Each structure stands twice: as C-alpha cells, then as structure tokens.
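The values are calculated or read from the model by the stated rules, or taken from the named source; none is laboratory data. Nothing here was measured: the structure is a model prediction, and the numbers come from that model. Ideal geometry is used to build each Cβ from the backbone, glycine not excepted, and the neighbour counts take in all protein chains shown.
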C-alpha cells in the first residue's frame, strides 16, 4: 500500500463487479495509538463504456464515529474509459479496543459494494515491564531497578507520573520506601515529562528502607492517555540469611512428626552455607533422641535461593523436650528453636 501525497495509504487489490472496480472490500488500519489519526483511501475506476452515475457512500447502521468516511474527491459521476476517484477513511481511536465497521458504495443500476473496516486502538506508550520485585534489601541499604518507556506514536507525548502507594519522587524527602525518577529528562514538579515520537525514557525506581522492616508493596502509574500501572514489591530485612519453619512438633509415643525448614539468602550476593547441627537449648552438644536431622551439607546460595533440611521427632515418652538447630553460614550463625511434645 504505497503512501499517497497526503500521507494516507491507498488500497490496490482491484476487484471489479461490472463496470465499477473497487480497490478492496476490506480496509485494515491495524494498531493505531489512541488520539492519532490514520488515513486510508479506497480507489474506484469505471472500466465500462458508459458513465457510472450518482455515486454514494452509505455507512452501516451504528458505524463507530472513530471511523470517518470522506467523499469521492467531489466526483459524483465516473466517466467511461478508466476514470477514477477515491474514498478517504480516517480512523482516530479514543479507546484501547478493537473496532469494526462497514459502509456500502452505491451507484445507480449497479450492485451494492460493501467495504469492511477494522482497526485497533492501542496505548501511545509502552513499558518493557509492569512489575518490579526488588527481593530483599538490608536495612539502611538501597537498590535501583529500571523500566524502559517507549513512545510508539508519531507525535510527542506528555507522560504523567502519579504515586498510588508507598512511592514518592526521588527529589522529595525520602518518606516512602520507593522513589521514582526519569532520564534523560526528569519529571517536573507536577510529575510530567515530554517524550518525542519514537523515543524512549528510562524510569528508575529506587528501593530503600527508611520506615523499617517489612514487606513493602508499592504502586504508581504512567499515563499518556489511559494510565499504565507499575507494581512494586520488596523486603526490608536486618539479616541477609534467615531460616523459617514451624518449630513445634507433636507425635504420639511410637510414631514420628517431621518438619521442614528453609534457609534463604534474601539479598544480592552469595551466602555460603557451611552446614547444620542439632544442639540442646543450653550447651552445644547433639541431644539424644527423640530428635534427628538430615545429613548436613555445604551449599552456595544466590539471592532468593534456599537450602532445606528436615527435623524428625519420634518420642519414646510423653512430655515436652526442647532443642535447637544451629545453621552455620558465611553471613552469620542462625539459631532455630524447636520443641517436641510426646503424646
């Protein structure tokens, strides 16, 4: 479909029905950013030996106003011998959805010629991700992650940043765990920045922990039309290496209860696990049954990785007994308290 002098595209499949040739029966606009106008033309030719009179375009009932159909270059009669004209169709979507419609070309004494229309309204801007998980961050430290924002439209767009929860601009006081800035141009005091057509912007999000230990869920939007939401998650922690699991085991005499424990590296970098061992609550020697533990082993854990071990409790009498598991690592020694109740 070669572009016309006015920037529109003219279909050229060429299908004749009697003397009137209509270039196509389907006009597909494809994806068009909301607020922009895409223009296409359907050409007509009179291939017969007699004039084609009283040309008229009849839109289908309920044709979406986002489709606008022009006239035949002010031509109402096509002379014989290949005389031509064209119909101009503009598509300017205002919603992010798929559109469909049709119109009929009518000429006196000839069959109606329907033409179907289709197009999709899309966002003018695009993000390479809408979710950022910062993982664990030690209290007092920070992490920075980036999002690429692209202006896929053919005009400059104003992008507006809006904080929803636990987010502020990085130039403000750091009262929120997340802050947002953009480059090469930063948001102005109203949270706005201009992005040229076809250009991109880097959105930097920083996670720090001025408010203490917690799992933090943040959210902000970026808009050049309908807003796009970015979800944030991160854990502020005072230790890089932690162990978790239910430390209370119960079993009737003659049976056993097993509990799994996970030890995880929460932050960037590597933690070397040297192993684990059972100990009584006081002293550092292995208690006698009823507790037993998986064979110790060495592990090297990257961020988010964990090592697991099982503790088994098989009471030989009723009553409670206390013990602990000591897990040695390059970051610290972790103590896991456990209790067993014989029933």
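Could you list, in sequence order, all residues of region 161-171 that are touching a residue at least 60 places away in the same chain (Cβ under 8 Å) and buried (at least 16 other Cβ atoms within 10 Å of the Cβ)?
Quick first cut of region 161-171, residues touching a residue at least 60 places away in the same chain (Cβ under 8 Å) only: 161-162, 164, 166-167.
Residues satisfying the conditions are 161, 166, 167.
From (1) farther than 18 Å from residue 237 by Cα; (2) in a loop (DSSP other than H, G, I, E, B); (3) over 19 Å from the mean Cα position of the chain (by Cα), pick out the condition that doesn't hold for residue 193.
Of everything listed in (1) farther than 18 Å from residue 237 by Cα; (2) in a loop (DSSP other than H, G, I, E, B); (3) over 19 Å from the mean Cα position of the chain (by Cα), residue 193 misses just condition (2).
Only one of (1) modelled with pLDDT under 90; (2) surrounded by 17 or more Cβ atoms within 10 Å (Cβ to Cβ) is not met by residue 49, so which one is it?
Result: residue 49 passes all but (2).
Do you know which residues across region 315-334 are part of a loop (DSSP other than H, G, I, E, B) and closer than 15 Å to residue 260 by Cα?
Listed by number, the list is empty, since nothing qualifies.
List the number of the failed condition for residue 140; all other conditions in (1) over 18 Å from the mean Cα position of the chain (by Cα); (2) under 22 Å from residue 304 (Cα atoms); (3) in a strand (DSSP E or B) hold.
(3)
Output the number of the condition that residue 188 fails; it satisfies all remaining conditions of (1) over 19 Å from the mean Cα position of the chain (by Cα); (2) under 30 Å from residue 42 (Cβ atoms).
So residue 188 meets the others, but not (2).
Somewhere in region 200-209, is a residue modelled with pLDDT under 90 and not in a strand (DSSP E or B)? Steps first, answer last, please.
Narrowing region 200-209 to residues modelled with pLDDT under 90: 208-209.
Now restrict to residues that are not in a strand (DSSP E or B): 209.
Yes - at least one qualifying residue is present in region 200-209.
Just to be sure before I move on: is residue 93 surrounded by 18 or more Cβ atoms within 10 Å (Cβ to Cβ) and part of a loop (DSSP other than H, G, I, E, B) in the structure I sent?
So residue 93 passes the test.
Is there a residue in region 287-294 that is at pLDDT 90 or above and more than 17 Å from residue 339 (Cβ to Cβ)?
Yes; the residues of region 287-294 include at least one that is at pLDDT 90 or above and more than 17 Å from residue 339 (Cβ to Cβ).
Considering only region 4-24, I want to know if a residue exists there that is over 23 Å from residue 152 (Cβ atoms), surrounded by fewer than 15 Cβ atoms within 10 Å (Cβ to Cβ) and at pLDDT 90 or above.
So far as region 4-24 goes, no, none of its residues is over 23 Å from residue 152 (Cβ atoms), surrounded by fewer than 15 Cβ atoms within 10 Å (Cβ to Cβ) and at pLDDT 90 or above.
For region 314-337, name all the residues that are more than 46 Å from the chain's Cα centre (by Cα), surrounded by 14 or more Cβ atoms within 10 Å (Cβ to Cβ) and at pLDDT 90 or above. So that I can check it myself, show each step before the final result.
Keep residues of region 314-337 that are more than 46 Å from the chain's Cα centre (by Cα), which gives 314-323.
Now narrow it down to the ones that are surrounded by 14 or more Cβ atoms within 10 Å (Cβ to Cβ): 314-315, 321-323.
Within region 314-337, 314, 315 meet the criteria.
Return yes or no: is residue 304 modelled with pLDDT under 95, in contact with a strand residue (DSSP E or B) (Cβ under 7 Å, 6 or more places away or on another chain), part of a strand (DSSP E or B) and under 30 Å from residue 130 (Cβ atoms)?
Here the answer is no, as residue 304 does not meet what is asked.
Kindly indicate the residue of region 274-286 that is in contact with a strand residue (DSSP E or B) (Cβ under 7 Å, 6 or more places away or on another chain) and part of a loop (DSSP other than H, G, I, E, B) and also modelled with the highest pLDDT among those meeting that condition.
In this case the residue turns out to be 280.
Conditions (1) surrounded by fewer than 19 Cβ atoms within 10 Å (Cβ to Cβ); (2) modelled with pLDDT of 90 or more; (3) in a strand (DSSP E or B), marked per residue:
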{"position": "215", "(1), (2), (3)": "yes, no, yes"}
{"position": "219", "(1), (2), (3)": "yes, yes, yes"}
{"position": "231", "(1), (2), (3)": "yes, yes, yes"}
{"position": "249", "(1), (2), (3)": "no, yes, yes"}
{"position": "259", "(1), (2), (3)": "yes, yes, yes"}
{"position": "262", "(1), (2), (3)": "yes, yes, yes"}
{"position": "267", "(1), (2), (3)": "no, no, no"}
{"position": "272", "(1), (2), (3)": "yes, yes, yes"}
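Tell me which of these residue 86 doesn't satisfy, since it passes every other one: (1) under 37 Å from the mean Cα position of the chain (by Cα); (2) crowded, with 18+ Cβ neighbours inside 10 Å.
Residue 86 satisfies all of (1) under 37 Å from the mean Cα position of the chain (by Cα); (2) crowded, with 18+ Cβ neighbours inside 10 Å except (1).
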